[in-house]
Amino acid sequence: MTQKLFFVKSLFLLLTLSLTHFANAQDKVNVTGTVVDKDAAVPLEYATVTFIDRTGERSPQGGVTDFDGNFNIEVYEGNYDINVEFISFETKTFENRTLNSDLDLSTISLGLNSDSLDEVVVRAETTQVEVRLDKKIYNIGKDLTTKGGTVTDALQNIPSVAVDVEGGISLRGNENVRILINGKPSAMAGFDDTTIFQQLPADAIERVEVITSPSARYDAEGTAGILNIILKKEKTLGLNGSVQATLGVPINNSFSTNLNLRSDKFNIFNNTGVYYRKSPGNAFYDNEYFNDDDDIFDRVVEDREYDRRRRGVNTNLGIEYYIDDRSSITANLFGRWGNDLDVSESSNLRYFNNSGLDSETFRRQNEEEIEETYQAAINYVKNFNDEGHKLTADFQYSYDNEDKPNSINEFRVFPTDSLIDREIIQENEKQNELLVQADYVLPMGDAQFEAGFRSNLESTENDYFLEEYDPVNDIFNTNEDLSYNFDYEENVNAVYSQYGNKLGDKFSFLLGLRLEHTQLKGDVSSPFISDEELENSFDFDTSFDKNYLGLFPTVNLIYELGEDENITLGYNRRINRPRGWFINPFPSRSSRTNVFRGNPNLNPAFSNTFDLGYLKKWETLTFNASVYYQRETDSFERVQLNNEGSNETDGITQIVFLPINLSTQDRIGGEVGAIWNPTKKLRFNGSFNFFRFETEGTYTAEPTDEVPNPEVQDFGTTNTSFFGRFSAKYTLPSEIDVQTNGFYMGPRNTAQTESDPMFSMDLAVSKEVIKDKLTATFNVRDVFNSRKRKSFTESNNFNSYSEFQWRERQFTLSLIYRFNQSREDRMRERGQGGQGMDDEGGEF
């Protein structure tokens, strides 16, 4: 409300100035001065200086301050009250001033309005939600449980979003979600690898856009929708920034800086972080194998411990140059250098048969990941006027190189001591991605037209070589049957157009159509085996070139029941392309009994989704709810198969995890969320998501010599599940803040697997040690050490029970030091956060 009054006053002032231009000529005088923030001693740009004629015969006169807070205003001679105003600051009035000669008011210091500050602070303390026709925008507040944490930790507190124990991100229980950084696919997202979010600090996030009904301007990828993560780029003038240091147990040490330098012609910003983390975890597997009489003939029990090390540096440097008042160009460079190590120990791998314990082995695997990532981007913006008529153009190139040396050693410790297996894997993956796009926006009164194109070209080269130890000759020999090269390309070219309008005062609509051409091209080759032999070795085409041309319509409607109440309805068609590890045919070697292998035979999945939403805001409460229905064809499903043809030297049968296309999946669900601030010291945030899906589909493996007539397996299933989260924050005496976050995932099942419910809770305590400068936060993640996935899989010839914990309970202490950022600056910036939210087009 404060902002609206400020802009109304500014508009009124401009109108009255235009009218006084035609007044009778009289002698004029110049009034000068400088307006500054009393506490921070920084200039206030666009502060308003108004001259009110005490006789009432003349309309108000005045002007605004420039970049340096200076003003030089020409007014008619007379007797005036002079008001100096700035948003969220107290007004200073010079009463009954007679102006008959030039006057210098010198430096005018304004203090922050305590009432306005309280209002803005309340808004800034918690995550806020805003609704657009095609998205919900969550402005990240002062969430204590993410201090010293990562982007992954922050996403866990966003309604509709769930992060599993392995860091996998889902939206409304659906993993087919597209993740964008600042509106574009980015190397910062690790090329479909969400591990980067476990490295970037949560403090780097400005806001998260949850786009469950994406408009045509967005890539059609992701049947669940889109998560668009907007990173911070300070707008405060001058040099300012923050430094954050974190210490944790288990080891979670990091140091990051956020620096910004802005003048009237350019804005330079940099985020740099150095981190060293360890994430101990554990897993347990119990596999039972059955014969034709349903008798258990074999059993393997595996206890596994993980010790993950994450070490690296990432930096993001950008400069925004303001060519003129209406155009700017931004250049951005991003780099990441990592040296990770995953140590996996199967300290107790036991094999049973009908006679009891047959043997026991110990397995240790060291997998490194040495990575370098670079991204260069250029963005150009041309604003033709102040009504939103603009053109934007983007060019972005990304390169990623990963070396993954992997060593495996396995020994039999019972009944005798002996070497079973020793392997060395050399894997290298290179990715290149080129993005070119342009978007044009033309407002037409209440209506708006948009059009644009995007070309996204991505190529991946994966080299995989397996060397096995020969104990007789004490050398390693290349396994020519399991050493390959896999080249993969995904090229997407698209054009779109959309039109939005507002009918009357209540109803708005946005209609769009996107045309996309997708090419999926892959080739498996080997320096040791002929193409014909390769073709016979796999159950997929080793060389393929698939092309898909599709239309993706979108419809988004909003009806305003009141100023703070609305109903939305959306429809969209989406695509889910197989990417990353889902198509990589090289099997994981983390276990001899449980193996994951990608499937290059995967085809894209397509979905049609309807979404009905409701939002209502009161003074202290924001409530939103939605129901949705989605039908997806050729949906992906990760199934577990008994790999009876596995060639293990000791005859142990593998369980293979394989992604496949199923026929259809119907999903229906609903969600409710509420943000409640009953007092300035107490705040609540909660959400609940319920969903049910039905899947239909069968799978038949390719015939082999060992299994010439494989069974047709039915993977149809019905699943009902839910998840909810709740957050409470309270301010204790001495301004000590305490916050708890709870998350509960209900039981769920797929065609083969039933998963137990899971609960976890985070706790944080924060204190501002030096006012406006230094803040300390102590954080406990997963207080009860209960964030574990427990599941049971039942098949026609085996059963498998498993437990998995990605990261054990963790304690962290974070210190954040800010310079040239008074509390008033930060609160004012958040108070203006609702302006210009939609970076990729107008607002309806």
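Values in this text are rule-based calculations from the coordinates and carry no lab data. Every value quoted in this text rests on a predicted model; they were computed, and no experiment measured them. Ideal geometry is used to build each Cβ from the backbone, glycine not excepted, and the neighbour counts take in all protein chains shown.
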Using a cut-off of 10 Å between beta-carbons, work out the net charge of the residues near PHE715 (Lys and Arg +1, Asp and Glu -1, PHE715 not included).
-3
For PHE798, residues with placed amide H under 5 Å, excluding near neighbours:
PHE290
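Excluding TYR399 itself, what net charge comes from residues whose Cβ is under 9 Å from its Cβ, given Lys and Arg +1 and Asp and Glu -1? Walk me through the intermediate numbers first.
Numbers: positive: LYS430; negative: GLU372, ASP400, GLU433.
Counting the neighbours of TYR399, the net charge comes to -2.
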Between GLU735 and THR272, the two model label points (7 Å from Cα along the beta-carbon direction) sit apart by a distance in nm of 3.1 nm
Which whole-Hz ³J(HN,Hα) couplings does segment 804-813 yield from phi under the Karplus relation 6.51 cos²θ - 1.76 cosθ + 1.60, θ = phi - 60°, glycine and proline marked x?
8, 10, 6, 9, 6, 3, 9, 10, 9, 10
Report the calculated FRET efficiency for LYS430 and VAL712 (r = Cβ-Cβ distance, R0 = 30 Å), to the nearest 0.05.
0.15
Calc'd 3J(HN,Hα), segment 556-573, phi into Karplus 6.51 cos²θ - 1.76 cosθ + 1.60 (θ = phi - 60°), Hz, glycine/Pro = x, comes to 10, 10, 9, 10, 8, 6, x, 4, 10, 8, 8, 10, 10, 9, x, 9, 7, 10
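Efficiency by 1/(1 + (r/R0)^6): what FRET value for LEU391 and ILE370, r their Cβ-Cβ distance, R0 = 45 Å, to the nearest 0.05?
Numbers: r = 41 Å, r/R0 = 0.92.
Between LEU391 and ILE370 the formula returns 0.65.
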Net lengthening on full extension, ASP307/LEU457 (0.36 nm per residue, minus Cα-Cα)
50.4 nm
Where Lys and Arg each count +1 and Asp and Glu each count -1, what net charge lies around LEU341 among other residues with Cβ under 10 Å from its Cβ?
-1
THR98 versus SER407, label points 7 Å from Cα toward the beta carbon: distance in nm?
9.4 nm
For segment 79-85, in residue order, the Karplus 3J(HN,Hα) values (coefficients 6.51, -1.76, 1.60; θ = phi - 60°; whole Hz; Gly and Pro = x) are 10, 9, 9, 10, 9, 10, 10
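Rounded to the nearest 0.05, what FRET efficiency is calculated for TYR571 and LEU333 with R0 set to 35 Å and r the Cβ-Cβ distance?
Details: r = 39 Å, r/R0 = 1.13.
With a Förster radius of 35 Å, E is 0.35.
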Amide H of GLY697: which non-local residues (sequence gap of 5 or more, or other chain) have their own amide H closer than 5 Å, using H built in the peptide plane?
SER663, PHE715, GLY716
Whole number please: convex hull volume per residue, Cα atoms of segment 238-831, in Å³.
185 Å³
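Checking the table LYS136/LYS502; LYS135/LYS390; LYS265/LYS771; LYS136/LYS390 against a 27 Å threshold on Cα-Cα, which pairs fail?
Details: LYS136/LYS502 19 Å; LYS135/LYS390 21 Å; LYS265/LYS771 32 Å; LYS136/LYS390 23 Å.
Over 27 Å apart, Cα to Cα: LYS265/LYS771.
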Quick calc: nm separation of the 7 Å Cα→Cβ label points for THR107 and GLU468 -> 8.0 nm
Chain lengthening between SER537 and LEU813 when straightened (0.36 nm per residue, less Cα-Cα)
94.1 nm
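Just subtract the alpha-carbon distance of GLU768 and MET444 from 0.36 nm times their residue separation and send over the number in nm, one decimal. It would help to have the intermediate numbers written out before the result.
Values: separation 324, 0.36 × 324 = 116.64 nm, distance 4.86 nm.
Additional length available on full extension: 111.8 nm.
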Enumerate the amide H contacts of PHE586 below 5 Å, restricted to partners 5 or more residues apart or on another chain; note that Pro and chain-start residues carry no placed amide H.
GLY598
